[in-house]
1. State yes or no: is residue 63 surrounded by 10 or more Cβ atoms within 10 Å (Cβ to Cβ), at pLDDT 95 or above, among the basic types (Lys, Arg) and part of a helix (DSSP H, G or I)?
2. Which residue out of 11, 43 is surrounded by 10 or more Cβ atoms within 10 Å (Cβ to Cβ), of a type outside the set (A, V, I, L, M) and at pLDDT below 80?
3. Within the range 20-27, can one find any residue that is loosely packed, with under 10 Cβ neighbours inside 10 Å and either touching a residue at least 24 places away in the same chain (Cβ under 8 Å) or part of a helix (DSSP H, G or I) (or both)?
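The values are calculated or read from the model by the stated rules, or taken from the named source; none is laboratory data. Quantities reported herein were computed from a predicted structural model and do not represent experimental measurements. All Cβ positions, even for glycine, are placed from backbone atoms using ideal geometry, and neighbour counts span all protein chains on display.
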Amino acid sequence: MLVRQLEEELRLRMRAPNIEMQQQMEALYAENEHLQREISILRDTIKELELRIETQKQTLQARDESIKKLLEMLQSKGMALTTHRRQCWIVLHDYQQDDIA
């Protein structure tokens, strides 16, 4: 009796697998389509973020260059001031030496 029941169940499943399989395939196709859309969105997001990163790198490089130029300017002004101070001290020293003599 059990064998007959199993055979009958097998026959029923052999007739109806198309409907079940079709439903499963449709569900898989729908899930695949959804995942493909998500992948596309994520790829676009990655491209946008990479663009932003590149823009920020360029901005930082430009800032670095500006800072370097400013430091060079300050250092050259500092050297000029130091040279000017030395000259003033020399003149003052010479003036004092002239007063002493």
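1. Details: surrounded by 10 or more Cβ atoms within 10 Å (Cβ to Cβ): yes; at pLDDT 95 or above: no; among the basic types (Lys, Arg): yes; part of a helix (DSSP H, G or I): yes.
Judged against the criteria, residue 63 is not a match.
2. On the way: 43 fails: at pLDDT below 80.
Only one candidate passes the filter, namely 11.
3. Within the range 20-27, not a single residue is loosely packed, with under 10 Cβ neighbours inside 10 Å and either touching a residue at least 24 places away in the same chain (Cβ under 8 Å) or part of a helix (DSSP H, G or I) (or both).
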